[in-house]
Every structure is written in structure tokens, then in C-alpha cells.
Amino acid sequence: MTNKTPAYFLFSTGYMPVLIFLACMLYSNISVTAQILTVPANGGSTKAMISERIGLTDVSIHYGRPAVKGRQGKIWGGIVPEGFGKDAGRPQPWRAGANENTTIAFSTDVIIENTPVPKGKYGFFVAYYPDRCILIFSGNSNSWGSYFYDEKEDVARITVKPLTTESLQERLSYTFEHQTDSSATVLLSWEYKVIPFRVTADLQKTQLASFKNELRTDKGFDPAAWLQYADYLTDHGLLSDEALLYASNAAQASPSFRSLSLLSDILYKAGKNKEADSVMRKAVYFGNPYQVYYYALGQLKKNELSRAEMIFKLNHDKEPELYITNLGLANYYKAAGNNKKARQQAHKALKFAATPNQKDEINTLLKAIE
């Protein structure tokens, strides 16, 4: 049997990784006590993440939360240096948090204050001055703090005004306030200062993009999805051949009062009145009297008198002995200025009213007619 030296034994028996590890420990500056496993953040700072959905846009901020620790009056202009601090002659704005640099991510394009910012993940820095703060969105989101900050990587710089508060914010915090369906104000708060900036998403643009993406999935085979898309286009004044196509397909594949009335609405707005009326006759057939009544009432409120008249009459002809169909005609005649016929239809409606609420509704109309 051939004798093997210790070194050859290590190589030939699969212990090479052990040998390399021991060599590294002996010949490098790595300490055997280095922090390899996960421990809390250094310096008493905690890690935090906050996310908010603005319309369909997700905004996520990851940051370290330093504490004031009794250093009131020494934070701004002290712990947070004024302007662009410099190290080795390079600018180093504040990392807007602690430890690793703060990052902020947008799932779609946004507007911050009045500046467009493309979707993506950014390193977030702040150059603080008592009367203004320069918010910096860097294309480099992976560096540690601002030690490797390079102004050439800036995607956007936005100037905002810091605010002073009376209540102490012990730990640095990001919050979302004053939300609407398409915007929110992000507040960076620490000690007695607040740095606000408004984030706005183009909700209509992102909604349309979302719809189009989803219609390319299995949802694109569902008539309810076609109807929803056509309804959105119509509701937002985006009438087009596309809206007509999706509404037509939905009405054909799944005829209902909603699908047919929407198709009729699109045709009417496109100036195709005869086609619109023809489709509406089919819609009334599928609808219950209350659906048709409230749809026609909506037309009346839009001052579409002739269209409302047709729908109220179709509803009445279908169910002539219901209080709601007679009430519909009474509303139409009142709007058209024919008080005599309005009173007649209101009294017919009273004849078929079955509950006190129905009678009260009709009597209120009669008082308005008088």
C-alpha cells in the first residue's frame, strides 16, 4: 500500500475546503470572532421598512432608524451635517437614515413634487440646509451609506422646505400622509424637523397599462374583464374603437342589462343613435325594473331627455303595473315640463305603491310638481 503524506491525503480525500479555510484564517486579517451570523444593527439603530400603494404604484422605503438619545439641538447641522459633507474631497450627503444607505423604490413612473422620476429602486440622500433640503435619488442603491456616493449617478435632485415641529420624534421615521387616490406626502421626521415631499402617480396611465397587461393573461378570455375595461374607458371619456370592440364582445358573449346598456351608451356617445336605441331595447328585456329605472334616471340627470323618455317608456311597457315604472314616467314628464302628465303618472304610481316609503317618495314628487 502506497504511503500518503498528510498534504496529499487532504487533497485526495476531499478535504481541500478545510485546508483553504485554515489557510485563510492563518494568513489573512479575518478574525475568528467576525460577525457572520445575523445580529441587530450597530449603534442602537433599528432597521425599518414602510410601503404604501398610491393608486396602483407601490412605494417602498428601507432605512435605518437612529435615535436622538438626548442629543436635542445637535442633530441638524451636527449629526446630520449641513450641505454636502466631504471626505477625500468628494461630496457625501446625508444617507437619510443610518448604516446602509436608505433606498426608495417605485413600481411605476412617478412625479416627486414637480419632477418626473422613472420607476426603479434608488439610493436616497439628503443635503440638509436650515432653509431647504436637496433630495437626491441616486441610481446606485447598493452602496454602504454615502461613502461611495457619486453625483454622476444622480437621477433626480429635488429641493423642498424642511418644517419645524414642537413634538420630539425620538427615532427617525418615514410616514405617508395626506393620501389621495393618486398621491401622498412622504414625511421624513427626526428630532424636531420634518422633511416632506409629495409623490404623485399617473393613476389613469398606470391603470390602463395594468388592464392591458392583465388582458393578455387568462383574464383576457373572461367577458367580465372585457366589460370592466370598456366601462373604464367610457367612464373616463376615453371612447374609442377599442372601447366599442370590448363592449360589443362582452354583450355578445354574456348579454345582461349591464353589458348591453354599456354598449348602448358607447354607441349613443359615438352618434350612432339608431344602433344605440336598438341595443337598449334588448337591455331593458334583460334588466329588472329597478335597474332600468335608475339607469334612465341617470340619463335624466345628464339632461338626455329623449333617451330617458325612451328608456322610461320601455320600462313601463314591460311592467305597467309597478309603482317604480310609473314613477319613472312621472319623473320624466316633470323634467320635460308637462306637469299634467307628471301628476297623472304619479297618482298611478300611488295606486301600486306597497310600502310607506314608496308612498312617501311619490308624495314628495307630487309636492315638487305642485
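A short reminder: the numbers here are calculations on the coordinates, not readings from a lab. Only a predicted model underlies this, so the values are computations on that prediction, with no experimental measurement involved. Glycine also receives a Cβ, built like all others from the backbone with ideal geometry; neighbour counts cover every protein chain displayed.
What the Cβ-Cβ distance of LYS269 and ILE134 gives, at R0 = 51 Å and to the nearest 0.05, is a FRET efficiency of 0.60.
The length gained by stretching the chain between LYS74 and ASP181 to full extension, at 0.36 nm per residue less their Cα-Cα distance, is 34.7 nm.
Give me the net charge of GLU170's neighbourhood, meaning all other residues with Cβ under 15 Å from the Cβ of GLU170; Lys, Arg count +1, Asp, Glu -1. Don't jump to the answer; show the numbers that get you there.
Working: positive: ARG65, LYS69, ARG71, LYS74, ARG171, LYS193; negative: GLU166, GLU191.
Here the charged neighbours net out to +4.
I want the antiparallel fraction of DSSP beta bridges within the chain, as a percent rounded to 5. Numbers along the way, then the final one.
Values: 58 of 60 bridges.
About 95 percent, rounded to the nearest 5.
For VAL155, the amide hydrogen comes within under 5 Å of the amide hydrogens of PHE137, SER138, GLY139, counting only partners 5 or more places away or on other chains and with H modelled in the peptide plane. Read through the labelled values (i) 25.0; (ii) 18.1; (iii) 35.8 and report the label of the one computed as mean projected area of the Cα convex hull in nm² from the structure. Read-out taken from this structure: (iii).
In terms of the Cα gyration tensor, with a ≥ b ≥ c the square roots of its eigenvalues, is the range 133-272 rounded because a/c is under 1.5, prolate because a/b exceeds b/c, or oblate? Don't skip to the answer; put the middle values down first.
Numbers: a/c = 3.47, a/b = 2.58, b/c = 1.35.
Prolate.
Entry note, the chain: relative contact order of 8 percent, from Cα contacts under 8 Å with a spacing of 6+ residues.
Classify the range 42-201 from the C-alpha gyration tensor, please: rounded if a/c falls under 1.5, else prolate or oblate depending on whether a/b exceeds b/c. Don't skip to the answer; put the middle values down first.
Working: a/c = 1.55, a/b = 1.21, b/c = 1.29.
Oblate is the answer for the range 42-201, as a/c is 1.5 or above yet b/c matches or exceeds a/b.
Computed extension gain for THR364 through ASP317, at 0.36 nm per residue and net of the alpha carbon distance, reaches 14.5 nm.
In a shell of Cβ-Cβ distance under 11 Å around LYS341, excluding LYS341 itself, what net charge do Lys and Arg (+1) and Asp and Glu (-1) give? Walk me through the numbers on the way to the answer.
Values: positive: LYS334, LYS340, ARG343, LYS348; negative: none.
Charge balance near LYS341 sits at +4.
Other residues whose C-beta falls under 13 angstrom from the C-beta of LEU227 contribute a net charge of -2, scoring Lys and Arg +1 and Asp and Glu -1.
For the range 217-257, backbone nitrogen atoms closer than 16 Å to the point 7 Å from PHE286 Cα along Cα-to-C-beta are found at 222-232, 244-257. Shown in residue order for the range 279-291 are the 3J(HN,Hα) couplings computed by the Karplus curve 6.51 cos²θ - 1.76 cosθ + 1.60 at θ = phi - 60°: 5, 5, 4, 5, 4, 4, 4, 7, x, 8, x, 6, 4 Hz (x for Gly and Pro).
Across the range 132-137, coupling constants 3J(HN,Hα) worked out from phi with the 6.51/-1.76/1.60 Karplus curve, θ = phi - 60°, read 6, 10, 9, 8, 10, 10 Hz, and Gly and Pro carry x.
Using a/c under 1.5 as the rounded threshold, could you call the range 253-302 rounded, prolate or oblate? The axes a ≥ b ≥ c are square roots of the C-alpha gyration tensor eigenvalues, and prolate needs a/b larger than b/c, oblate otherwise.
Since a/c reaches 1.5 but b/c is at least a/b, the shape of the range 253-302 is classed as oblate.
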